[in-house]
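The values are calculated or read from the model by the stated rules, or taken from the named source; none is laboratory data. The shown structure was predicted, so the numbers you read here are calculated from the model rather than taken from an experiment. Heads up, the Cβs are rebuilt from the backbone with ideal geometry, glycines too, and the neighbour counts pull from every protein chain shown.
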Amino acid sequence: MWYIFMIGIALTAGFGLIGPAVAMYSDTVLIQERVATGELTGKIVFTEVDESGEIGAYDGTDGHLISFGIEGSGGAYGFTLENRGTIPVRLSPTITAAGVLEVDCDLPSSLDPGETAAGWIALDAAAEAGDYSFQVDIECIQWNADSNDPDWWRDALRIDGLVTLAEPSPDRGVPEESPQASGQEPSDRLALEQPENIGGETVPTSE
């Protein structure tokens, strides 16, 4: 009978050791952490533009459009960009313009969070009088993105421009004092102005 008693003691001790082991492997470790994503969309904006342009909304986002109204055949027109987000971006402009317009867009290649940078539109128009349009689409892509991947965060800005070339000033004609204005040849005009001697007196000739 004593060996039955010993088996009972062994089983009791074994179950007693299994309990803590099971408890250890079933324990749960909780790690609490807050992960915040960066901000890019809607955060790259135009903040200033010269007197030839006006800042407005593009696709419902304020500060994303400049509209230029330009009179004349050329010049440089400035603006300012600001990154109000938390992600560095790369800037990539695409220019679309009428064939008679030569348009160049000078931008920084990248813009860090909180950074402000100047940009320029350089314009040269050699064409007949009329209205000619151009457009610059500026793609703002997060700094480590592949520009061909549509899933990366990005923002889009636009510059629209209308160039007006005026008709040349009309010819104001020849001044009246010239011989051509009176319809006379220079020699005829000179003959009429020569004085004539009558009766020993010199009398100017008039019509």
Answer residue from region 56-72, given it is buried (at least 18 other Cβ atoms within 10 Å of the Cβ) and of a type outside the set (G, A, S) and is farthest from the chain's Cα centre (by Cα) among those: I70
Elements of type strands (runs of 3 or more DSSP E) contained in region 34-125, each with 1 or more residues being closer than 15 Å to G161 by Cβ and touching a Lys or Arg at 6+ places or on another chain (Cβ under 8 Å): 53-58, 61-71
Region 74-87: number of residues that are crowded, with 17+ Cβ neighbours inside 10 Å and of a type outside the set (D, E, K, R): 6
Any hit, region 199-206, residues being farther than 20 Å from Y77 by Cβ, surrounded by 10 or more Cβ atoms within 10 Å (Cβ to Cβ) and modelled with pLDDT under 90: yes
Answer residue from region 23-55, given it is under 16 Å from R154 (Cα atoms) and modelled with pLDDT under 85 and is surrounded by the fewest Cβ atoms within 10 Å (Cβ to Cβ) among those: T37
Residue count for region 147-177, restricted to those that are modelled with pLDDT under 80, surrounded by 10 or more Cβ atoms within 10 Å (Cβ to Cβ) and assigned to a loop (DSSP other than H, G, I, E, B): 4
Residue satisfying all of: in region 101-126; more than 15 Å from G75 (Cα to Cα), over 10 Å from the mean Cα position of the chain (by Cα) and hydrophobic (A, V, I, L, M, F, W, C); surrounded by the fewest Cβ atoms within 10 Å (Cβ to Cβ) among these: A118
